Amino acid sequence: MRTILTVILGISVLLGCFANTWAENASQVKTLERVTQRLVAPPFLPAHEQVAQGPPKVVQVRMVIEEKRMTISPDGATIWAMTFNGSVPGPIVVVHQDDYVELTLVNPTTNTLRHNIDFHAATGALGGGELTHVAPGQEVVLRFKAIKAGVFVYHCAPGGPMIPWHVVSGMNGAIMVLPRDGLRDAEGKPVRYDKAYYIGEQDFYIPKDANGKYKAYPTPIAGLEDMLEVMRTLTPTHVVFNGAVGALTGEHALTAKVGERVLFIHAQANRDSRPHLIGGHADLMWSGGSFKDRPATNLETWFVAGGSAVAALYQFRQPGLYVYLNHNLIEAMLLGAAAHIKVEGVWNNDLMEQIHKPGSIK
């Protein structure tokens, strides 16, 4: 009996300590500066400082879930996309290590499904997924402390087969948690970027009818069974950057100038990818997205594991058109996983020069 009482007393003391800690943390958060971050559509990042200014803050963000029909390729494929803030991928959030992210997640009455959000940057409760389930007409507020520096995926995870269906229907995004003192190169020296772009790679699985034409459905749930059948083949019909074939090419191409350092954040919530910059490299690449690890240098192609994001920094040295792609060339050229970067500046013949133009063989 004495042993049981001792155990009960010990548990009571432990719970009391936890309660005091929770109260202290809640009180501390109330004293922090609160800022609102205005999220923007990819490939762009919200306004942010590369080096933290002052102590940790509570960064307030708002995401509105939108179920919408989207055209994803010139061959007529459409999908009932499930989106955060109306874009595929969802917007990228940028904070600093030890900041608090306070998200208001809204599921309007115009939607038809329950949704939630799992932040790979968060600790506990399935990345917040357990605490953010919202039905149409509901909203929820989640706050978590960003204790790990790096780039991370977030996605909807409502449970069971609905998880992959929501993810491959576009419901994923990324968060970048910068070190408070900014990024550092392989020698530990501070490094800054002049521009940053967020590329979300998306695999789609669009069913076809008996005549080989892509199917369209009146509601998201109407296409569920057909889509699951295609998904079980593990063979996507489309692999694209930022929601559609050509979303980052032609008139939508990314831009840079010779001499600029550009940070590319590349996320894939479901499948592995192998980014490559034709005509360039990754001067620095943070494997697995971890900014606390020493970056790899001078890579021709780098790896993104499914369910993760990485960051790569490159300083452009020549003008012209660059192609950034998944170096599974079948997925890049036949399924759509490619982007363009138009770079302005003066050509350097020392780096490359055409000695003779093409002509007849002598």
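Exactly one residue among 215, 208, 257 is outside the structural domain of residue 160 (by TED's automatic domain parsing), basic (Lys, Arg) and either touching a helix residue (DSSP H, G or I) at 6+ places or on another chain (Cβ under 7 Å) or at pLDDT below 95 (or both), and that residue is 215. Which condition from (1) in contact (Cβ under 8 Å) with a residue 12 or more places away in the chain; (2) under 25 Å from residue 191 (Cβ atoms); (3) not hydrophobic (A, V, I, L, M, F, W, C) is the one that residue 328 breaks? Every listed condition holds for residue 328 apart from (2). Scanning region 318-351 for residues that are part of a loop (DSSP other than H, G, I, E, B) and over 27 Å from the mean Cα position of the chain (by Cα) turns up 318, 319, 345, 346, 347, 348, 349, 350, 351.
Cβ-Cβ contacts under 6 Å between residues 6 or more apart (or on different chains), taken from a first residue in region 255-277 that is touching a residue at least 60 places away in the same chain (Cβ under 8 Å) to a second residue that is buried (at least 23 other Cβ atoms within 10 Å of the Cβ) and among the acidic types (Asp, Glu), are listed as 268/201; 270/203; 271/203; 273/201. Of the residues screened, residue 190 is not one that is touching a strand residue (DSSP E or B) at 6+ places or on another chain (Cβ under 9 Å) and either among the hydroxyl-bearing types (Ser, Thr, Tyr) or assigned by TED's automatic domain parsing to the domain that holds residue 285 (or both). Within 15 Å of the chain's Cα centre (by Cα) and of a type in the set (A, V, I, L, M, F, W, C) - does that describe any residue in region 288-295? No, there is no match, as no residue in region 288-295 is within 15 Å of the chain's Cα centre (by Cα) and of a type in the set (A, V, I, L, M, F, W, C).
The condition of being touching a Lys or Arg at 6+ places or on another chain (Cβ under 8 Å), in the same structural domain as residue 83 (by TED's automatic domain parsing) and more than 21 Å from residue 32 (Cβ to Cβ) holds for only one of 134, 167, 153, that being 134. Among the criteria (1) crowded, with 16+ Cβ neighbours inside 10 Å; (2) within 22 Å of residue 163 (Cα to Cα); (3) polar (S, T, N, Q), the one residue 235 does not fulfil is (1).
The values are calculated or read from the model by the stated rules, or taken from the named source; none is laboratory data. The structure presented is a predicted model; accordingly, all values stated were derived computationally and were not measured. Virtual Cβ from ideal backbone geometry, glycine too; neighbours counted across all protein chains shown.
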